[in-house]
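Below: one structure, written as structure tokens.
The values are calculated or read from the model by the stated rules, or taken from the named source; none is laboratory data. This structure is a prediction, so every number in the text was calculated from the model and none was measured. Neighbour counts run over all protein chains shown; Cβ positions are idealised from the backbone, glycine included.
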Amino acid sequence: MTPGSPTDERRSIRGATLRRAGLLVAGAVFVLWAVATLTFFAIRLIPGDPAQAILGGPGSQASQEALDQVRRDYGLDQPLIAQYFAMLGRLLTGDLGVSYALKLPVADLLGAQLGGTLLLAALALMLAWILALGLAIWSTGRGRVASALGEGVEITAAALPHFWLAAVLIAVFSVGLGWLPPVATGTLAGFVLPVVTLAVPLAGFLAQVMRESLLDAMQQPFVVSARARGESALGVRARHTIRHASLPAISLSGWALGWLLSGAVVVETIFAMPGLGRTLLQAVTLRDIPVVTGVVLLVALVYVLMTVLTDLAARIADPRLRQEAGR
Amino acid sequence: MSDLELQQATAVSAASHAPARRRGRMPRIGTVLAAAFVVFLLAATVAPELVATQDPNEIAPGDAFQSPSLAHWFGTDESGRDVYSRVVAGTATSLLIGVTATAIGLALGLGLGVLASFGGRIADFSVNRLVEVLFAFPGLLLALLVIVVYGPGPVTATVAVGLSTAPGYARIIRGQLVAIRSSQYVEAARVLGRSPARIISRHVLPNALLPIFVLATLGIGQAIVWAAALSYLGLGAQPPAAEWGAMLAAGRTYLATAWWMTVFPGLMIVGTTIATTVLGRALTRRGRGER
């Protein structure tokens, strides 16, 4: 495909972007199918009779009739391959099965929890971005002391485990100073500590990546020419290099969101917040398999969607990527 | 091993064309401190009785909940046990879990990486898809799935953390092996008629060894954090054990009155992670000829 006129070129670029989007969606569907399949067969490795588990475990001494009834109700008397296709069929209609422990549809159960967790993750992602950008811009290109300090802060932040950071924050701000509640209260104040707990380690990771690309961008000719035009050092950083520095971090946002959802398991448990993470932990402890499978699929869905979106966003933010695809 | 460390590792290598600053022959002060901390951890692992000040399991109800002092550096817990000595006693378990999990993740990652880079196009395609799928189980999620299947406990937790780090390692190792595969010395060996097995064992793996060692160093800290998180959630080592995550979980109840039961075991985890990261970066710099 050789670009002739500018319109031709634009059309071919648009075509390439559409093709790319098609590929991404196909890839996303494949990943979701594979996650569902992998989870389904992994769950079959669990020793013990699922019918027993549904009726409250081996200690419950369920009668043979009750066991048979449950096997019929849940389709457990069918051959494995039939169960597998039945599961895929139900997934396509958004049916995630029924919780063993709560006897409620998993889709309803998780639907009620998803909003809170996504809000928590989104706030944490935003705060992490602000902290990371601030740190990277402040500490880059200012000599050895600032960059060593910046690097130290990044490594330390990235090394903080959620469960420990949460405990220390509670000890200082709730027990010591009494400023913020130690458990989530549903108010804004109750959100502060969980969001900070999730954001700080992530900011450490993001800042490391941003700083590398910021250093790279600052050696580009356009920075020199902006400086020669008389812009201040900070002005150049704010106006010209942030976009470059953000690109690798944008493409990491899918990863970051997945990481935050996994971190929500710990944070929601510590701050006693309702949400996907805490539901997942309870389900793991109770071996409530439909709920575990449901959360895993939901997180995979969010992760996959985010990956597609960030890939397209990077293409929109960086014209070079579009042109590469066009040739 | 998280995907981000992967990004870091690649970012670091991408930045290698930047001019290296001359710093004389002295190693950085951070590297020295990190090395000293690792020596302390190794001493606590090999000979905890020499590093500890007291018997970690000696119960003294009269001394319960003492705040940090000269007699009890990190204070005492609800049974009057010395927290510093328990932290020292827990070093071996925590390090063992972290190192084993990293080894499992690396071994799997290496296997997948070799398969992808030397097994032909179909193998490469399949491994890449598999890694992509595994990335859709972010962080602890894969580990929790493993625990649902095999039940909680320290061994399952270790294997689970190892498994969840494997896809990240596989992706980086594949990238490095592909680069080595297309190098001239491998081409030369191929022209000389060496068998693929011999090329891999004599030429490729020795050259991949240092980068993989660096990866392992960077990954151990994260593995310890994840394993401790599982212990903290009650799915790994259980509280009577002096493992750091389990100690943190035990201290949770007394957070309002005895902060030292939580702060110090956590500081050990943070210190270990920082030390391994700093050492890993120093090794990376050495690998490309900087100080």
_Residues being among the charged types (D, E, K, R), assigned to a loop (DSSP other than H, G, I, E, B) and at negative phi - total across the stretch A:92-110_ = 1
*Considering only the stretch B:103-192, give the helices (runs of 4 or more DSSP H) lying wholly within it that have at least 1 residues that are of a type outside the set (Val, Ile, Thr) and within 12 Å of chain A (Cβ to nearest Cβ).*
B:120-135, B:140-150, B:154-181
*Only one of these is crowded, with 20+ Cβ neighbours inside 10 Å and within 14 Å of chain B (Cβ to nearest Cβ): A:LEU177, A:LEU169. Name it.*
A:LEU169
*Sort through B:THR156, B:THR165 and tell me the only one that's farther than 20 Å from B:ALA136 by Cβ and surrounded by 14 or more Cβ atoms within 10 Å (Cβ to Cβ).*
B:THR156
*Check whether at least one residue in the stretch B:234-242 is assigned to a helix (DSSP H, G or I) and either among the aromatic types (Phe, Trp, Tyr) or buried (at least 21 other Cβ atoms within 10 Å of the Cβ) (or both), and report yes or no.*
no
*All but one of (1) touching a His at 6+ places or on another chain (Cβ under 9 Å); (2) among the hydrophobic types (A, V, I, L, M, F, W, C); (3) more than 30 Å from B:TYR232 (Cβ to Cβ) hold for A:ALA245, so report the exception by its number.*
(1)
*Taking B:VAL214 as meeting all but one of (1) within 8 Å of chain A (Cβ to nearest Cβ); (2) buried (at least 16 other Cβ atoms within 10 Å of the Cβ), write down the number of the exception.*
(1)
*Does at least one position in the stretch A:255-271 carry a residue that is surrounded by 19 or more Cβ atoms within 10 Å (Cβ to Cβ) and of a type in the set (S, T, N, Q)?*
yes
*Give me the pairs, please: first residue somewhere in the stretch A:117-139 and touching a residue at least 24 places away in the same chain (Cβ under 8 Å), second residue anywhere and outside any helix (DSSP H, G or I), beta-carbon distance under 6 Å, and either six or more positions apart or on two chains.*
A:THR117/A:GLY275
*Do we have any residue at all in the stretch A:67-75 that's aliphatic (A, V, I, L, M) and surrounded by 13 or more Cβ atoms within 10 Å (Cβ to Cβ)?*
yes
*Is it the case that some residue within the stretch A:245-263 is at pLDDT 80 or above and not in a helix (DSSP H, G or I)?*
no
_Residues located in the stretch A:266-288, provided they are at the interface with chain B (Cβ under 7 Å from one of its Cβ atoms), closer than 15 Å to B:VAL148 by Cα and part of a helix (DSSP H, G or I)_ = A:LEU280, A:LEU281, A:VAL284
*Within the bounds of the stretch B:79-98, is there any residue that is polar (S, T, N, Q), at pLDDT below 75 and part of a loop (DSSP other than H, G, I, E, B)?*
yes
*Inspect all residues belonging to the stretch A:186-203 and state whether any of them is within 14 Å of chain B (Cβ to nearest Cβ), outside any helix (DSSP H, G or I) and either under 26 Å from the mean Cα position of the chain (by Cα) or at pLDDT below 80 (or both).*
no
*Considering only residues of the stretch A:290-306 that are buried (at least 24 other Cβ atoms within 10 Å of the Cβ) and over 21 Å from A:GLY75 (Cβ atoms), which is farthest from the other protein chains (Cβ to nearest Cβ)?*
A:VAL295
*Counting only residues that are part of a helix (DSSP H, G or I) and more than 13 Å from A:LEU160 (Cα to Cα), which one in the stretch B:224-233 is nearest to the other protein chains (Cβ to nearest Cβ)?*
B:TYR232
_Subset of the stretch B:251-291 (residues that are out of contact with any Lys or Arg (no Cβ under 9 Å at 6 or more places or on another chain), over 30 Å from B:ALA64 (Cβ atoms) and outside any loop (DSSP other than H, G, I, E, B))_ = B:THR273, B:ILE274, B:ALA275, B:THR276, B:THR277, B:LEU279, B:GLY280, B:ARG281, B:LEU283, B:THR284, B:ARG286, B:GLY287
*Is it the case that some residue within the stretch A:155-164 is within 18 Å of A:ILE270 (Cβ to Cβ) and among the β-branched types (Val, Ile, Thr)?*
no
